[in-house]
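Read through the structure below, which is laid out as structure tokens, and then see the notes.
The values are calculated or read from the model by the stated rules, or taken from the named source; none is laboratory data. Note that this is a predicted model, so its numbers are computed, not measured. Using ideal geometry, Cβ is built from the backbone for each residue, glycine included, and neighbour counts are taken over all protein chains shown. Surface accessibility is based on the protein's heavy atoms, side chains included, excluding ligands, DNA and RNA. Shrake-Rupley method; radii C 1.70, N 1.55, O 1.52, S 1.80 Å.
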Amino acid sequence: RQRAEMSLNIERQSFYKAREQKKLDEARAMLSRLPSSNERAVLLSQMATSYAGDGDKATALQLLAEAQASIGDRARDYGQLQAQVEIARAYVQLDPMRSASIVETVFDQVNELSGAALVLSGFDLQANQYFRDGEFVAYMGTPLGNIIFQSSQVLGSMARDDFNNPRHVSDRLMRVEMRLMPLLQIAREALSSEAP
């Protein structure tokens, strides 16, 4: 087990080196050896952000398409939800509408998961971390709280250029207390972009 983990760490370091040197094919080859599709998707998203920052939109979009294809549209665990948020974050500067669409999908699943957690809260001690007196506790120490917070940051980034679309996306969250976090982030970013 230690040998396998050491080998993975070497692959990751090789990936980071190839990414830094903008050796796209080498970096992709290193990524293909990582066993976690979630990790591959996140790293592809980071590469896409780097290429977008360098003005290579075509490569960035291609990398994001690969990232999305590696995890699919419907997350099966929190790691995939996290990867979807990272893909949405990378799309903000390339295709804000696509970014918003991904966050909508994430919020739809958050609604399902929070509904399930509410039902389980009286039966399962783990589910109690999400609700107090029937109200969602939006604190970042929980997987759902983290997903909402990070999605809120993505929406806030979009609000610098377009206030209405991110606000409409936040409306996808069914619980009022869940919507507060993205709405506050959207307002903060919109107001800071208007400051002199």
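Here are a few things to note about the model shown:
- Whole-Hz Karplus values for the stretch 77-94 come out as 7, 5, x, 6, 4, 4, 4, 4, 5, 5, 5, 4, 4, 5, 6, 3, 7, 9 Hz, taken residue by residue from phi with 6.51 cos²θ - 1.76 cosθ + 1.60 and θ = phi - 60°; glycine and proline positions read x.
- On the beta carbon distance between Ser193 and Leu24, with R0 = 30 Å, the FRET formula returns roughly 0.40.
- Whole-Hz ³J(HN,Hα) from phi, Karplus 6.51 cos²θ - 1.76 cosθ + 1.60, for the stretch 174-181, glycine and proline x: 6, 8, 4, 5, 6, 5, 4, 4
- When you restrict to C-alpha pairs under 8 Å that are six or more residues apart and normalise by the size of the stretch 25-179, the relative contact order lands at 18 percent.
- Accessible surface, per residue, of the chain when the full set of protein chains is kept, probe 1.4 Å, Å²: 54 Å²
- Alpha-carbon centroids, the stretch 10-83 and the stretch 157-196: separation in whole Å: 27 Å
- Gyration tensor over the Cα atoms of the stretch 1-51: the corresponding equivalent ellipsoid has semi-axes (square roots of 5 times the eigenvalues, largest first) of 19, 12, 8 Å.
- Once Rg and the Kirkwood radius are both taken over the C-alpha atoms of the chain, their ratio Rg/Rh works out to 1.02.
- Scalar couplings 3J(HN,Hα) for the stretch 154-162, obtained by applying the Karplus form with A = 6.51, B = -1.76, C = 1.60 to θ = phi - 60°, are 4, 5, x, 4, 5, 5, 4, 10, 8 Hz; x denotes Gly and Pro.
- Rolling a 1.4 angstrom probe over the stretch 84-196 with all protein chains present gives an accessible area of which 55% lies on carbon and sulfur atoms.
- In degrees, nearest ten, helix 37-53 long axis to first principal axis of the chain (Cα): 80 degrees
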